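Contents: one structure, followed by commentary.
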Amino acid sequence: MTKRPRFGLYALVILSVVVSFLPIIWLVLTSLKTTEGIYAWPPQYLPDPFTLKNYINIFTNSPELLLYVLNSFIVALGCTVVALSFGGMAGYALSRLGMRRAGVLMVFILAVSMFPPVSLLPSLFQTFLNLGLLNTYTGLIIAHTGLFLPFTVWMLASYFATLPPEIEEAARMDGMGFFRIFWSIVIPLSWPGFVATGLIVFIFSWNEFPLALVLMTQNAMRTAPVGISLYPGEYAFPWETISTATVIAIVPVLIITAIFQKQIVGGLTAGAGK
Amino acid sequence: MTEVKLDRIGKKYGAVEAVQQFDLTIREGEFLVLLGPSGCGKSTTLRMIAGLESITSGDLTIGGARMNDVDPKDRGVAMVFQNYALYPHKSVFDNMAMALKLQKVPTAEIEERVGRTAELLGLTDYLQRKPAALSGGQRQRVAIGRAIVRTPKVFLFDEPLSNLDAKLRVKMRMELQELHDRLGATSVYVTHDQVEAMTLADRIVIMNGGVVAQVGTPREVYDHPADEFVAGFIGSPAMNFLDLARDDTGRWVSDCGNLALPALPADTGSRSRVRLGVRPEHIEVLPEAPGPAPLTYPARVLLAELLGADALLSLGIGETRLLVRVGGADHPVQGAHLAIRLNPAQLHVFDIDTGRALPRSAAEVPPR
């Protein structure tokens, strides 16, 4: 009875997985082709001949790619840590401490995040220039944090709202202060929320382009998306280099996602109540 | 002495008065139950004693000290929550030890006290487990243990048994009773379950719409309900109510005319209408009408429900319907004709407008 509708569901899932993965699969395949293979007509679907030459070339010809990836990693990690710290505290205060007008503030925070980042660029650039924050990790971390903090606050606030308030009340009765409750009760119980939000913020920051392009002008400070975008030369569009570099830039994100995704699914509040 | 005194305590949420003028002294070692339907303000009152809810008006004193603005942890109270509210990421031991750790009690003493409490509650084998690995009853024991370990002056219970299934609830209720007998600590217990209230309480406070309807021992609230609300709330199945009007001859007659009482055991004053209350277990069932006799009326069984030990009969006396509790063995069946007899000592009379019980008359109609 239930088999047929489930078969349809599986088909739909497989289809959507294929559709969303196709660009990435094509990217990986391209990175494994020779230049001739890339431009061959009719197009090659599987690399023929299969080659790792692109990967060897990219590390010998443009070793700065690893620097770009490292820069991205530092900025994304910094942004995630700062956004989770401030977003966590703000979200907790807004959702749990009975603040007046908390709802209005939440809407205000959301409204601020609706400014298109490009419109902020000129003033941001000038300000960062004056503050000496151009081409610094601190500068881009601050900029990214500002960009993604509203999202973090909203995500975490709605996660906190799902926690049973009695646990925090019991902690108050036991003698914990607000900060202690936040640190040793709320954060452990909201771990899946923090991991999920952190992952998304990390990926946002990793992929962010306009601010990274404008605020990091020195080659040594560029992040991966910006660095890779500058590969096309004046006369050629090196598909094999770009696809290879992109695959390399994806790997750290994939690893981090793989590590943390298991934790998102955990039902950590199980056992608190009935 | 840990007397808890609530002096005209009130709680307002905006314009809504959740609790009004709550005035009560809870005696040392007393087990006080706050009983009432949901939204009656009983939980709010408890939470004001705990310090989880601010007090809008009035004074709260515990052991003689004013507590209105004192932090929950410094009030000397411990609370057991309805959904246990254990720390799910901490072991049973850590759950119970938390308050002591925060009070900087020496580790050896913490271990000793938690160990002793765990033994008292039969939790010794579970101390290293997480709450998720415990059954509902065990979790509630941990929650109680967490309160006991602190040796508080006052225990607060917020519907601690309502998440348990019926069987476990009865068991835990008895455990709570034994525990209170052993510890003798002042306890305030919120419930909407009248059986819990009747069995556990030294005194019951029945609340309705943010106001105290009656304070009394279980016996008093059952035998002498102060008003119609209490009368209907205490007792299961609920008390029968019927309106009576005084006729020209001074008799009290039901609206349908089939029930007439020569006199009522209460000071009815100049009222021409009153509401009569009689509990299902206080109506005597006779096999057949024995001819005209005082306070005896013929009736027909409209519905008979066997509960096991007891049976509930829905009786029709003319248009009037009365619920009667009889023994379960050989109970009258549907359609049977029989007679009922009322006992004047077990009749309650209420003012129709205010719902207040009318005082029993000095010249009470003598019981049969």
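Over 25 Å from the mean Cα position of the chain (by Cα), open to solvent by 70 Å² or more (accessible area, probe 1.4 Å) and farther than 30 Å from A:W183 by Cβ - does that describe any residue in the range A:60-78?
The answer is yes; a qualifying residue exists.
Quickly run through the range A:35-48 and pick out the residues that are surrounded by 11 or more Cβ atoms within 10 Å (Cβ to Cβ) and out of contact with any helix residue (DSSP H, G or I) (no Cβ under 7 Å at 6 or more places or on another chain).
The answer is A:G37, A:Y39, A:A40.
I need the full set of residues from the range B:66-87 which are part of a loop (DSSP other than H, G, I, E, B) and in contact with a Lys or Arg (Cβ under 7 Å, 6 or more places away or on another chain), in order please.
Within the range B:66-87, B:M67, B:G76, B:N83, B:Y84, B:L86 meet the criteria.
Picking from B:V190, B:V195, which residue would you name as being open to solvent by 60 Å² or more (accessible area, probe 1.4 Å), closer than 14 Å to B:L35 by Cα and in contact (Cβ under 8 Å) with a residue 24 or more places away in the chain?
B:V195
If you go through the range B:310-326 one residue at a time, how many are open to solvent by 40 Å² or more (accessible area, probe 1.4 Å) and within 14 Å of B:P237 (Cβ to Cβ)?
Residues that pass the stated criteria total 4.
If I ask for residues that are part of a strand (DSSP E or B) and closer than 30 Å to B:T191 by Cα, which ones from the range B:231-282 would you list?
Within the range B:231-282, B:N240, B:F241, B:L242, B:R275, B:L276, B:G277, B:V278 qualify.
What is the residue count in the range B:304-321 for residues that are in a strand (DSSP E or B) and out of contact with any Gly (no Cβ under 8 Å at 6 or more places or on another chain)?
Count: 10.
Suppose we keep only residues that are touching a residue at least 60 places away in the same chain (Cβ under 8 Å) and open to solvent by less than 60 Å² (accessible area, probe 1.4 Å) within the range A:120-134. Which one would you say is nearest to the other protein chains (Cβ to nearest Cβ)?
Residue satisfying both the conditions and the ranking: A:L133.
Output the number of residues of the range B:19-54 satisfying the condition of being farther than 20 Å from B:N208 by Cβ and either of a type in the set (G, A, S) or open to solvent by less than 30 Å² (accessible area, probe 1.4 Å) (or both).
Result for the range B:19-54: 7.
Just to check your reading of the model, which residue among B:V114, B:V105 is more than 10 Å from chain A (Cβ to nearest Cβ), assigned to a loop (DSSP other than H, G, I, E, B) and open to solvent by less than 50 Å² (accessible area, probe 1.4 Å)?
When all the criteria are applied, what remains is B:V105.
Which one of the conditions (1) out of contact with any strand residue (DSSP E or B) (no Cβ under 9 Å at 6 or more places or on another chain); (2) of a type outside the set (F, W, Y); (3) touching a residue at least 12 places away in the same chain (Cβ under 8 Å); (4) open to solvent by 30 Å² or more (accessible area, probe 1.4 Å) does B:E3 fail to meet, given that it meets all the rest?
Result: B:E3 fails condition (1) only.
For the subset of the range B:147-163 comprising residues that are within 11 Å of another protein chain (Cβ to nearest Cβ) and under 25 Å from the mean Cα position of the chain (by Cα), which member is farthest from B:I49 (Cα to Cα)?
The selected residue is B:N163.
Considering only residues that are more than 20 Å from B:G318 (Cα to Cα) and of a type in the set (G, A, S), look in the range B:264-305 and name the one that is surrounded by the fewest Cβ atoms within 10 Å (Cβ to Cβ).
Going through the qualifying residues, I end up with B:S270.
Residues that are under 30 Å from B:I352 (Cβ atoms) and more than 32 Å from the chain's Cα centre (by Cα): does the range B:269-284 have at least one?
yes
Go through the range B:1-59 and give me each residue that's in a helix (DSSP H, G or I) and either more than 14 Å from chain A (Cβ to nearest Cβ) or over 19 Å from B:F81 (Cβ atoms) (or both).
Within the range B:1-59, B:K42, B:T45 qualify.
Out of curiosity, is B:N95 surrounded by 21 or more Cβ atoms within 10 Å (Cβ to Cβ) and either more than 14 Å from chain A (Cβ to nearest Cβ) or within 30 Å of B:R129 (Cα to Cα) (or both)?
Considered against the rule, which asks whether it is surrounded by 21 or more Cβ atoms within 10 Å (Cβ to Cβ) and either more than 14 Å from chain A (Cβ to nearest Cβ) or within 30 Å of B:R129 (Cα to Cα) (or both), B:N95 comes out as yes.
Please enumerate the residues belonging to the range A:135-178 that are small (G, A, S), open to solvent by 30 Å² or more (accessible area, probe 1.4 Å) and more than 14 Å from chain B (Cβ to nearest Cβ).
Matches in the range A:135-178: A:G146, A:S158, A:A161.
Filter the range B:198-233 down to residues that are of a type in the set (G, A, S) and surrounded by fewer than 20 Cβ atoms within 10 Å (Cβ to Cβ) and give me whichever is nearest to B:K12 (Cα to Cα).
Among them, the one singled out is B:G209.
Say we look at the range A:203-248 and pick out the residues that are assigned to a helix (DSSP H, G or I) and of a type in the set (G, A, S); which of these is surrounded by the fewest Cβ atoms within 10 Å (Cβ to Cβ)?
A:A220
Take the residues in the range B:71-92 that are under 20 Å from B:L164 (Cβ atoms) and more than 7 Å from chain A (Cβ to nearest Cβ), then tell me which one is most open to solvent (accessible area, probe 1.4 Å).
B:Q82
For A:R101, are the conditions met, namely being within 14 Å of chain B (Cβ to nearest Cβ) and open to solvent by 60 Å² or more (accessible area, probe 1.4 Å)?
No; evaluated as a whole, the condition is false for this residue.
Of (1) open to solvent by 40 Å² or more (accessible area, probe 1.4 Å); (2) touching an Asp or Glu at 6+ places or on another chain (Cβ under 9 Å), A:P23 satisfies all except one. Which?
(2)
Within the range B:117-145, how many residues are assigned to a loop (DSSP other than H, G, I, E, B), more than 9 Å from every other protein chain (Cβ to nearest Cβ) and open to solvent by 50 Å² or more (accessible area, probe 1.4 Å)?
Qualifying residue count, the range B:117-145: 3.
Taking B:D94 as the residue in question, decide whether it is more than 17 Å from B:G209 (Cα to Cα) and part of a strand (DSSP E or B).
For B:D94, the condition - more than 17 Å from B:G209 (Cα to Cα) and part of a strand (DSSP E or B) - is not met.
The values are calculated or read from the model by the stated rules, or taken from the named source; none is laboratory data. As the structure is a prediction and not an experimental result, all values here were calculated from the model. FYI the Cβ positions are ideal-geometry reconstructions off the backbone, even for glycines, and counts take in every protein chain you see. Heavy atoms of the whole protein, side chains included, go into the accessibility calculation; ligands, DNA and RNA do not. Shrake-Rupley method; radii C 1.70, N 1.55, O 1.52, S 1.80 Å.
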